[in-house]
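Structure, as structure tokens:
Any read-out appearing in this document is the output of simple, stated calculations on the displayed coordinates, not a laboratory observation. Just so it is clear, the model here is predicted, and its values are computed rather than measured. Neighbour counts are summed over all protein chains in view; Cβ atoms, including those assigned to glycine, are modelled from backbone coordinates with ideal geometry.
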Amino acid sequence: MPPFSFGHPNYLEPPVFRPPSEANSLILQATLGCSHNRCTFCGSYRTKQFKVKPFNQFREEVEQLARKYKLRPKRIFLADGDAFVLTSTQLLEILNLLTKEFSDVERISIYASGTNVQRKTDKELKEIREAGLELIYIGLESGDDEVLKQVNKGITNDEHITMSLRLKQAGFTLSPIIILGLGGKSKSEQHAINTAVTINAIDPPYLAALTLMLVPGTELHTQAQRGEFQPLDPVEILYELRLLLDRLTKLTNCVFRTNHASNYLPLRGILSKDRVQLLGTIDRVLDDPQIMSRLRPDYLRGL
């Protein structure tokens, strides 16, 4: 539904980020920036001061899109980086508005951090789900506590697992996001192994892997320049990815993707039946210099 696939330009304050699977969704900003905004690797919202968009302004934008521009989106993505920071009352007000104005909507999705999930009771989570929010993208990043602490994620692995299972119990569809290479050379193996343990425990229907990009101006980029953090090269990333996939053995029906622009090698499969095939693909790439040369070059990678 161009030109409004990413929201009407008058209503979006850049920069705007969304998962690849939300490419055709109507994007609406319920919040601006990120409520945490202290992860050492992330530069996405460093130019934005976090704030909640006033509901009256949000409602006016939605009514304009629905009534003036006659938009009938099938999917809606609530931005920015962690709109789940809103209280349950605020989220319910937004969801009731969206389902009223966009009667054809089939899926509403959102980014959520574990800390903001923790602040909501089981009853509140169930109410939010029943009001129409379906898909939650969780910035898991890693299943290793040392890595999580190193990048200032602000949450432990056990807390990530607990809040993910609470979301599943409330009826949400989960899509955790992990970052290959986040542990650097020194923690690559433990990052892959412990992340696999975490994903096996959560057993999500979707899993997305991004690859670390060192963003100038971030603390992690500075650490790398000082030699305190050693990033992985493309071959090491593939070995880390292979180790991760090799350990993801307890998933029932999980769609796995590496289709984000940051990745060197795009992969897609259902891990309960395609895992061995995906491992074979990685092995063929690692064994063939000509295929290796066709990996996505760094200058084409992006956030």
If amide H atoms are built 1.01 Å from N in the plane of the peptide, which residues on other chains or at least 5 residues away come under 5 Å of the amide H of THR211?
-> LEU180, SER262, ASN263
Taking Cα pairs under 8 Å and at least six residues apart, what relative contact order does the chain come out at, in percent?
-> 14 percent
Packing-based ranking, highest mean first, of 94-101, 138-145 given that Cβ atoms within 10 Å are counted | 138-145, 94-101
Scan around PHE229 for amide H atoms under 5 Å from its own, H built in the peptide plane at 1.01 Å from N, and keep only partners 5 or more places away or cross-chain.
-> ALA224
If one takes the longest principal axis of the Cα atoms in the chain, at what angle in degrees, from 0 to 90 and to the nearest 10, does the Cα axis of helix 234-247 lie?
-> 80 degrees
Between GLN29 and residues 5 or more places away or on another chain, which pairs have amide H atoms under 5 Å apart, with H built 1.01 Å from N, and which residues are they?
-> ALA79
If one compares the long axis through the Cα atoms of helix 271-287 with the longest principal axis of the Cα atoms of the chain, the angle in degrees, nearest 10, works out at 50 degrees
Which ³J(HN,Hα) values, rounded to whole Hz and listed in residue order, are derived for the stretch 220-225 from phi using the Karplus coefficients 6.51, -1.76 and 1.60 in 6.51 cos²θ - 1.76 cosθ + 1.60 with θ = phi - 60°, glycine and proline given as x?
-> 5, 4, 5, 4, 5, 5
Using 7 Å Cα-to-Cβ label points, what is the THR249/LYS149 separation (nm, one decimal)?
-> 2.9 nm
Starting at the first residue of the stretch 250-256, write each ³J(HN,Hα) from the Karplus equation 6.51 cos²θ - 1.76 cosθ + 1.60 with θ = phi - 60°, in whole Hz, x for Gly and Pro.
-> 10, 9, 8, 7, 9, 7, 10
Karplus ³J(HN,Hα) for the stretch 192-197 (6.51 cos²θ - 1.76 cosθ + 1.60, θ = phi - 60°; Hz, whole; x = Gly/Pro) runs 5, 5, 6, 5, 4, 4
Write down, largest first, the equivalent ellipsoid semi-axes of the chain in whole Å, where each equals the square root of 5 times an eigenvalue of the alpha-carbon gyration tensor.
-> 33, 21, 20
